[in-house]
1. Roughly what % of DSSP beta bridges within region 190-335 run antiparallel, to the nearest 5?
2. To make sure I understand, if each residue's beta carbon is the centre and we count other beta carbons within 10 Å, what order do Ser91, Ser112 fall in, fewest to most?
3. Taking K and R as +1 and D and E as -1, what net charge do the other residues with C-beta under 12 Å from the C-beta of Lys321 add up to?
4. For Tyr111 and Glu304, FRET efficiency with R0 = 51 Å and r from the beta-carbon atoms, rounded to 0.05?
5. Amide H to amide H under 5 Å from Arg180: which residues, 5+ apart in sequence or cross-chain, H placed 1.01 Å off N in plane?
6. What residue among Ser121, Ser254, Ser232 shows peak mean-square fluctuation when the chain is described by a Gaussian network model with Cα springs under 10 Å?
7. At 7 Å along the Cα-to-beta-carbon direction for both Leu17 and Lys190, put a label point, then send me their distance in nm to one decimal.
8. Taking amide hydrogens as modeled 1.01 Å from N in the peptide plane, which residues meet the under 5 Å criterion relative to Ile290, leaving out close sequence neighbours?
Amino acid sequence: MIREDAHLVSNLFAEDLVKKATRDGYGEGLLELGGINNDVWALCGDLTTSTRAKAFAEAFPDRFVEAGVAEQNMAGIAAGLALEGKIPFASSFACFSPGRNWDQIRVSIAYSEANVKIASSHTGLEVGGDGASHQACEDIAMMRALPNFIVVAPCDAIETKKAVFAAAEHVGPVYIRFAREKTALFTTGKTPFEIGRAVTLTDGDDAAIIACGTMVYLSLLAAKSMFDSGMSVRVVDMHTIKPLDEEIVVKAASECGCIVTVEEHQVYGGLGGAVAEVLGREYPVPLEIIGVNDLFGESGKAAELWEKYGLTSTSIAKATKKAIKRKGAFGKRRAA
């Protein structure tokens with residue numbers, strides 16, 4: 001089931017799998033990057049502990065800017081640093097950046113093609129007790145609509161660290177989305193990562209699940225449950241939402257006949273929308289989009305919220321079976 005060339009850990013489905021938040025991967029990557037590249041700067045909106053920018057701030061105080069609760073100013077400062085040849089990483093909660101400074105990001109960074117990296121934590125529902133005002137479920141849509149921006153949503157802390165290095169190497173604006181809650185650490189240092197190139201984690205031809213961020217591991221669990229029932233499901237880690245790996249989407253559509261997308265984000269404007277655009281243009285097949293269905297979140301533990309909003313392995317498996325059922329009817333209509 002698991003592709004050997006994906007280089008995943010052997011005990012992928014072990015109950016004692018180590019868990020770490022993707023924001024920890026950001027902090028570790030930023031600190032390591034700062035030690036080898038003096039052009040790397042970090043900025044933060046008074047949330048250094050929460051975004052894990054604190055270690056960089058302590059190690060390289062001369063290359064750190066505390067912007068305070070002024071996200072608009074932080075975007076402007078980051079743009080200025082970039083235009084002077086620096087590589088700034090500006091971090092905050094996604095509800096604040098890009099939530100409150102989208103205009104400054106649009107004009108000062110995207111329009112200017114400034115080499116700024118926007119790093120946003122506390123995305124999706126899993127912010128938990130902080131509630132709807134802090135649960136950013138619209139940020140992918142906001143950022144992938146901006147010209148010149150790369151949009152990345154890594155699946156675990158190891159992949160997030162790789163994304164930080166890849167963002168620094170890319171010349172131009174990058175948005176990295178990561179999360180607060182600890183999630184399974186299931187990739188390894190050998191798992192491939194390249195901006196714009198998705199990773200196929202499991203083989204299968206009954207259906208394909210294309211997921212990003214925290215939902216990738218849950219998609220693997222869903223695929224395993226279906227595999228145990230005799231169905232073969234492909235799982236694709238679409239860590240880059242823009243530019244989308246269109247080749248792997250079309251390949252999955254042609255070989256599997258139906259697709260399910262999964263994201264901790266609104267069903268509008270995110271990964272599902274991006275995949276739908278490709279399928280509509282290149283290879284129409286039945287598509288099920290799993291995400292937050294045009295609703296705001298609420299306070300609660302991450303697992304409770306995922307259950308209520310249908311973001312569980314059980315929900316993913318159910319939607320995948322629905323897509324497979326639709327595939328048969330769709331094929332008959334096309335033949336007619």
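1. Working: 4 of 18 bridges.
So the antiparallel bridges in region 190-335 amount to around 20 percent.
2. Numbers: Ser91 30, Ser112 15.
Starting with the residue having the fewest Cβ neighbours, the order is Ser112, Ser91.
3. Numbers: positive: Lys318, Lys322, Lys325, Arg326, Lys327; negative: Asp206, Glu288.
Net charge in that neighbourhood comes out at +3.
4. On the way: r = 41 Å, r/R0 = 0.80.
Between Glu304 and Tyr111 the formula returns 0.80.
5. Amide H neighbours of Arg180: His122, Thr123.
6. Ser254
7. Each label point is offset 7 Å from its Cα along the Cβ direction, giving 1.8 nm.
8. Thr261, Val262, Glu263
A short reminder: the numbers here are calculations on the coordinates, not readings from a lab. Keep in mind that this is a model prediction, so the values were computed, not measured. In this analysis, Cβ positions are derived from the backbone assuming ideal geometry, glycine residues included, and neighbour counts consider all displayed protein chains.
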